[in-house]
Amino acid sequence: MPEDDRERKRTILNTLFLHLHPPTVPAATIRYTHTWGLGGMGLVLFSLLASTGLLLMFSYEPVPGQAYSSVQGIRDSLVFGKFVRNIHHWSANAFIVVALFHMLRVFFTGGHRESRQFNWILGLFLLLFVLFSNFTGYLLPWDQLAYWAVTIMTGMLAYVPLAGSWLQEMLRGGSDIGPATLVNFYTLHTTVLPILFVIFLPWHFWRVRKAGGVVYPGGEGEEATENQERVHTIPHLVTKELAVALALVAAIFAFSIFVNAPLQEMANPGMSPNPAKAPWYFLGFQELLMHFHPLFAVFVIPVLAGLALVLLPYFDYDTVGVGTWFLSEKGRRMALISAAAAFIMTPAVVVLDKYFIDFQSWLPGLPPEISNGLVPFAILLVGVTGFYVLMKRRFEATKAEAVQTIFVFLLSAFIVLTIVGVWFRGSGMKLVWPL
């Protein structure tokens, strides 16, 4: 190949990479321990899902009578069909984990503040798309696991005030889960959500590029960048991104060789499994239903949690600790204490609520929305507020450190609820010992 052609292609390739990255980046930001390559991992997993999903579409039939048998055919009859389906399934689950860890990395390094608030909002939308994409794909095999998990999740929508029944019927395509539901989920999964990803992913990356790349230790602004050692994006950053991408693809491929995507017997609307559980990434919310009135478990708590996440970047923070994991040494200690407190207190509250606490009996005559909803929720708010005040005074913490402490406490509590839902709920959703 003539030297001019090689130089021209090299220039085009470099320009493509530099649309996503600035020409130079601070050396401190390309350490693996600073970002763990999570944003790039998300893009790799999306690419794997898009390519394997496209292959699966050639053989899948989105009709209840044929959906299950077409998935069986993909698994048992097509050359590499089982492997492609396994890659798609495990990439989808990994996508949730990576997206969640990426959000946490951004928060714990202060990457949601200063000029990056709006990109945090875009990231929250992308996280919702990841969850909803997994949820809509969950029904497509049309087996018992998928059918009843989606039945539970869409049933929860009925508790949304005013619009609950409408949302439920719109998503199901009627009053019950049937052919219209499968078509709705298939359309959302293969058309609507991919289009949203194609719009929001470049927008999200462009906002990072506009902000000067990943947030780095020392904060934002000209003064913070003066003493930062900078290196060229090509090859320093790009080679590291390529290494992370190849390692991730190799891990997904290896896992997909040895572990098959689940497929139970064909969906039977007349026979519910016991226990019937939501997908693992929604089991924390299903566990909330065991402790709060559905109005609070399905609507009030998720809405307030979502609103808090949206408003997080707009608190009046100081700039100390931006780009540093957990803000400071004090912030790390506070986060560790709050996580430990949540991992001890949450199981204790679950057991107490099961065997000792009964607000409905203690407060006879009150509507269940109050006795089993408003009252325990108010107690929860008082407890969290008290913990915030205690930690802030005890450590003489900044507002950012105190907010981070409550974030860690609530996140850890939700993780415990998810673990309880996955491993400690048995027949009839009773508490059981998994071993």
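Structure values in brief
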read-out	value
So Asn260, is it assigned to a loop (DSSP other than H, G, I, E, B), over 28 Å from the mean Cα position of the chain (by Cα), more than 25 Å from Leu38 (Cβ to Cβ) and at pLDDT 90 or above	no
Qualifying residue in the range 301-311 (condition: β-branched (Val, Ile, Thr), within 30 Å of Arg116 (Cα to Cα), touching a residue at least 60 places away in the same chain (Cβ under 8 Å) and crowded, with 20+ Cβ neighbours inside 10 Å)	no
Residue list for the range 22-65, filter: out of contact with any His (no Cβ under 8 Å at 6 or more places or on another chain) and farther than 30 Å from Val214 by Cβ	Leu54, Leu55, Met57, Phe58, Ser59, Tyr60, Glu61, Pro62, Val63, Pro64, Gly65
Residue satisfying condition, being over 25 Å from the mean Cα position of the chain (by Cα) and either crowded, with 21+ Cβ neighbours inside 10 Å or polar (S, T, N, Q) (or both), within set Ala67, Ala27	Ala67
Lone qualifier among Gly428, Gly373 - being of a type outside the set (A, V, I, L, M, F, W, C) and exposed (fewer than 15 other Cβ atoms within 10 Å of the Cβ)	Gly428
Residue match in the range 196-211 (condition: assigned by TED's automatic domain parsing to the domain that holds Phe125, assigned to a loop (DSSP other than H, G, I, E, B) and either closer than 22 Å to His102 by Cβ or at pLDDT 95 or above (or both))	yes
Condition broken by Pro434, with the remaining ones in (1) assigned to a helix (DSSP H, G or I); (2) out of contact with any Pro (no Cβ under 7 Å at 6 or more places or on another chain); (3) not acidic (Asp, Glu) satisfied	(1)
Search result, residues across the range 143-183 that are within 18 Å of Phe296 (Cβ to Cβ) and part of a helix (DSSP H, G or I)	Ile152, Met153, Gly155, Met156, Leu157, Ala158, Tyr159, Gly164, Leu167
Cβ pairs under 7 Å, 6+ apart, first in the range 253-268 and more than 19 Å from Ser47 (Cα to Cα), second β-branched (Val, Ile, Thr)	Leu263/Val71
Cross-chain or 6+ apart pairs with Cβ under 9 Å, the range 379-394 first and under 15 Å from Phe407 (Cβ atoms), then of a type in the set (Gly, Ala, Ser)	Phe387/Ser338; Phe387/Ala341; Tyr388/Ala402; Met391/Ser338; Met391/Ala397; Met391/Ala402; Lys392/Ala402
Odd one out for Pro217, checked against (1) assigned to a helix (DSSP H, G or I); (2) of a type outside the set (Lys, Arg); (3) surrounded by fewer than 19 Cβ atoms within 10 Å (Cβ to Cβ)	(1)
Failed item in (1) within 19 Å of the chain's Cα centre (by Cα); (2) at pLDDT below 85, with Leu45 passing the rest	(2)
Given (1) farther than 20 Å from Thr233 by Cβ; (2) of a type in the set (Gly, Ala, Ser); (3) surrounded by 16 or more Cβ atoms within 10 Å (Cβ to Cβ), number of the condition Gly37 does not satisfy	(1)
All positions within the range 327-378 that are in a loop (DSSP other than H, G, I, E, B) and under 29 Å from the mean Cα position of the chain (by Cα)	Leu327, Ser328
Close pairs from the range 181-194: first not assigned by TED's automatic domain parsing to the domain that holds Leu139, partner loosely packed, with under 15 Cβ neighbours inside 10 Å and in a helix (DSSP H, G or I), Cβ under 9 Å, at least 6 apart	none
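The values are calculated or read from the model by the stated rules, or taken from the named source; none is laboratory data. None of the values given here were measured: they were computed from a predicted structure. Neighbour counts are summed over all protein chains in view; Cβ atoms, including those assigned to glycine, are modelled from backbone coordinates with ideal geometry.
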